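For reference, the structure discussed in these notes is given below.
The values are calculated or read from the model by the stated rules, or taken from the named source; none is laboratory data. Here the structure is a predicted model, which means the values were calculated and not measured. Counting neighbours? That spans all protein chains shown, and the Cβs are built from the backbone with ideal geometry, glycine included.
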Amino acid sequence: MKKCIKYQAPFEETTNNGRNKSYCSVACRRSTELEIRRINDRIAGLEKVSESYRMNILVLELYGSEESVNAELNRQEIRLKELLSVMTD
């Protein structure tokens, strides 16, 4: 008797050509494959969140606060407008 990897349920392993069975049924194997895909997708999403979090920390270290970032953004927008207005004159 073998035990199913997912449910630990005992099952009879039939002898046929090919790989040894690890799951009690095809549905069980498919369910495990779906769970693996979902976990992989969740991990990818969490990695994106983690990267975004690290970038936010980096921005705060560089600029100090959200207000500082907004102030720098305003300064750069004003400078861009000045440069563009000179080019059009």
Arg29 fails exactly one of (1) over 30 Å from Gln8 (Cα atoms); (2) basic (Lys, Arg); (3) over 23 Å from the mean Cα position of the chain (by Cα), namely (1)
Pairs returned, first residue in the stretch 21-44 that is closer than 12 Å to Lys6 by Cβ, second residue that is of a type in the set (Ser, Thr, Tyr) and at pLDDT below 90, beta-carbon separation under 6 angstrom, 6 or more apart or interchain, are Arg29/Tyr23
Residue list for the stretch 34-71, restricted to those being of a type outside the set (Gly, Ala, Ser) and surrounded by 11 or more Cβ atoms within 10 Å (Cβ to Cβ): Glu35, Asn56, Val59, Leu60, Tyr63, Glu66, Val69, Asn70
For the stretch 39-87, which residues satisfy the criterion of being in a helix (DSSP H, G or I) and of a type in the set (S, T, N, Q)? Asn40, Ser50, Ser52, Asn56, Ser68, Asn70, Asn74, Gln76, Ser85
